[in-house]
Structures are given as C-alpha cells and as structure tokens.
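I have placed the structure first, in the form of structure tokens, so that the comments after it can refer back to it.
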Amino acid sequence: MTESLSDSLSDSLSGGPRARLVANDFRRVMGQFASGVTIVSTRDGGRDFGATASAFTSLSLDPPMVLACLFRGAATEEAIRRTGRFGISILRDDQGAVAECFASRHPNRFATVDFRYGEIGVPLIENALAHVECRVSEAVKGGTHTVFLGSVHSAVRYDGRPLAYFAGNFGHFLVGDDAAVYGAIRAMILVDGLPPGSPLSVRDLAETLSAEPSAVLAALKRLGAEKRVARDPEGGYVVGGLDLRTALDMISASRTIEVGVAELTVGWVDDSDVEGLARLVGRPCQAYPRPAGGPDAGDGPDFHERLVALAGNARLLNHYRELSTVAAGAGPGIEEAHDDGDHAAIVAGYREGNLATVISAIDRHARRLREAWQQSSAR
C-alpha cells in the first residue's frame with residue numbers, strides 16, 4: 001500500500017527515519033502550487049542584498065501588510081533583520097533570468113540587472129510588474145525560514161504579465177483574453193498554413209486581433225516554447241520550422257492514436273457517424289500545407305480529426321490535434337498531397353465493419369506523409 005504524507009507525519013515530527021522522505025514528498029506536493037515570483041531586497045552597510053522568493057503574499061488591507069519568507073541564515077534574511085526594511089519586486093514574465101540569478105550563488109547579483117532605490121532606500125528591480133516597500137513589524141521563525149511581516153510603506157503597479165513558478169520551473173500564465181489570442185495566432189500558423197520564416201509582428205497582430213500587445217507577446221512566447229515560433233536575428237518573431245525527426249515522431253504518434261480509435265470503434269459506431277466521415281473524403285489533410293484560399297483551404301473539420309472524434313473522448317482528440325496539426329505550414333516545402341484513396345478506404349472499412357481494411361489504409365496514409373517529409377528534407 002502506498003504511504004501518504006499524513007501517514008508518516010508523526011515520524012517526521014519526531015525526527016524518525018522517514019523525515020527526509022516526508023520532506024521530499026512535501027516539496028513535490030507544494031511544487032504543484034503555482035505562484036508568482038519576487039525579488040526580496042534590502043540595503044545594509046552600503047551593500048545591496050536580494051533573493052528570489054515565491055513565498056510572498058498580502059496579509060492585511062487595513063493596515064496594508066504583506067509577508068515574505070526567506071531561508072534563515074541567508075545573507076538577505078540576516079540583512080533584513082538588521083535593517084528592519086525590505087523591498088519586493090514582483091517580476092514580469094520576461095524576467096526569468098533575473099529570478100534565476102537571484103536564486104543562485106552569484107557574488108554580485110545586482111550587477112546583472114537594472115535597479116533603483118525606493119523611497120526607504122531599498123533596491124528595486126527595474127521593469128518589474130510591481131514594487132512594494134515595507135518596514136518589518138515582526139519576524140517569526142518558521143522551521144528553516146524566517147517569516148517577515150511587513151507594514152507597507154509604498155506600493156506601485158506597472159503594465160505586463162506575471163512570471164510564474166510551477167513544479168520547479170519558471171513560466172507565464174495565460175489570463176483573460178490571452179488564451180483567445182494564443183489560439184488565434186496558433187490557428188494562423190497551423191490551420192491557415194503560414195510558411196516557416198514568415199514574420200510575426202506584435203503590432204500588426206495586435207491590430208488584426210484587436211488585442212493588447214502584451215497578450216500577443218505572451219502568446220508568441222508560449223508558441224516559442226512549443227517550437228512553433230522562433231526568434232529572428234533582429235530579435236523579432238517568425239514562424240518556426242519543424243525538423244524531420246520531430247515530424248516523423250509526430251506522424252508515428254498520430255498513426256498510433258488513429259489505429260487505437262479504429263480498434264475501439266469499427267463495427268460499433270452509428271451509420272450517421274460513418275456518413276459524417278464520408279462527407280470529408282477528398283479534403284486535404286491538416287498535416288499537409290494547404291492553399292491560402294478557395295474550396296480546399298482547409299476550413300471546417302479535418303477527416304482525421306473526425307475519425308479520432310468517433311472515440312467520444314475530448315481529451316484524446318485535443319492530444320491528437322496537437323500532433324496532427326503541428327506540421328501544417330511548418331514543413332520545409334512539402335507539396336500539397338492528396339490521400340490517393342486512403343480516406344475512402346477507411347470509410348469503406350467502417351461501412352463493412354472490416355478493421356483490417358481501416359488499419360491498412362491508416363498505415364498507408366501515414367507512410368505517404370513520412371515519405372513526403374523525407375523527400376522534402378532531402379532537397
């Protein structure tokens with residue numbers, strides 16, 4: 001039986017042999033809590049001190065108070081106890097390098113960033129999302145850390161998106177309309193088929209989508225992490241390409257999902273579902289680049305997506321879309337390909353209840369796509 005955190009808590013409190021195991025479990029559990037990221041700072045004896053901290057939160061509105069937790073004995077923690085004051089710089093989503101620097105043993109962290117001194121003389125990171133200056137009203141020991149309760153002297157916010165910390169990694173949230181902007185730009189790349197290297201102007205996209213530039217920038221950064229967008233030599237953004245190995249891996253994974261769906265559904269789905277699939281026979285596949293306009297531009301459902309949808313599992317369909325559409329417009333010059341009867345063979349297999357026919361057509365279709373990528377990459 002798997003032992004839970006609570007099962008061994010008493011051993012941990014008594015210093016028993018499971019104490020380290022429980023601490024590791026607890027660390028992993030708390031890593032599932034997404035938070036913002038701050039730099040906690042102060043100035044003491046003509047020297048600036050600062051450390052990265054995600055354990056920061058508001059404590060009271062009347063009077064305004066916050067709390068921040070720092071490792072007991074760390075240089076910044078000791079400096080704050082001596083000075084009785086500290087600053088909080090809430091980092092923006094493009095300041096991950098700042099967070100990493102102040103979490104390291106860098107001997108002069110402030111030499112790596114732009115900063116200024118606030119009203120009470122504490123250093124504050126420039127271009128942060130917000131600044132808060134505090135005087136210590138109480139310092140409480142909590143295990144390995146000191147919890148500083150700070151009375152707020154000043155608080156100022158700026159425009160931008162927050163840097164996030166989750167499961168040991170820095171990233172960014174998509175909030176409000178950001179998700180819609182991300183989806184729209186992703187569709188331009190994957191569905192509309194923008195070719196690799198096409199410039200992606202933040203200003204132009206913001207105007208086209210009637211969106212805030214910050215939302216467009218957040219979307220481009222997320223698409224960059226997914227390798228669908230790349231940076232150009234001048235620091236802008238362009239549509240990214242897809243390397244041959246990754247494309248072949250995704251084709252193989254898509255084929256595996258399709259075969260699994262066929263094994264579950266051939267002979268079991270309604271005739272109306274099969275006819276809905278039949279109506280999409282002959283349409284270009286989303287895995288191939290499609291023309292910018294006209295009846296074959298790729299509007300509407302894709303044949304293979306409709307095939308996977310027969311399983312009735314929305315999560316599986318979403319995963320499949322991530323695989324099957326990643327190559328759209330990202331292939332290195334792949335010519336538009338037709339299914340050469342593969343789609344019709346799949347429909348025929350469903351109508352006959354013949355699983356072997358369906359799987360054979362799926363395999364044949366995946367092979368054609370792999371060959372197209374290989375031929376293109378050899379050019």
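The values are calculated or read from the model by the stated rules, or taken from the named source; none is laboratory data. All of these numbers come straight from a predicted model, not from anything done at the bench. For neighbour counting, all protein chains shown are included, and Cβ atoms are generated from backbone atoms with ideal geometry for every residue, glycine included. Keep in mind that these areas ignore ligands, DNA and RNA; they rest on the heavy atoms of the full protein, side chains included. Shrake-Rupley method; radii C 1.70, N 1.55, O 1.52, S 1.80 Å.
Remarks
- Checked against the criterion of being modelled with pLDDT under 90, small (G, A, S), touching a helix residue (DSSP H, G or I) at 6+ places or on another chain (Cβ under 6 Å) and not in a strand (DSSP E or B), the candidates A179, A219, A187 yield just one match: A219.
- If you filter region 230-269 down to residues that are assigned to a loop (DSSP other than H, G, I, E, B) and in contact (Cβ under 8 Å) with a residue 40 or more places away in the chain, you find that the one that is farthest from the chain's Cα centre (by Cα) is G267.
One line per residue, one yes/no per condition, for (1) without any contact (Cβ under 8 Å) to a residue 40 or more places away in the chain; (2) outside any strand (DSSP E or B); (3) of a type outside the set (F, W, Y):
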position	(1), (2), (3)
D94	no, yes, yes
I120	yes, yes, yes
H131	no, no, yes
R135	no, no, yes
V140	yes, no, yes
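- Residues of region 38-85 satisfying the condition of being open to solvent by 30 Å² or more (accessible area, probe 1.4 Å), touching a residue at least 24 places away in the same chain (Cβ under 8 Å) and of a type in the set (S, T, N, Q): T52, S54, T83
- A count restricted to region 280-311 and to residues that are at pLDDT 90 or above and not in a helix (DSSP H, G or I) stands at 2.
- Residue in region 80-91 that is closer than 30 Å to G224 by Cα, modelled with pLDDT under 95 and of a type outside the set (V, I, T) present: yes
- Within region 107-118, if we keep just the residues that are open to solvent by 70 Å² or more (accessible area, probe 1.4 Å) and part of a loop (DSSP other than H, G, I, E, B), the residue that is farthest from A51 (Cα to Cα) turns out to be D114.
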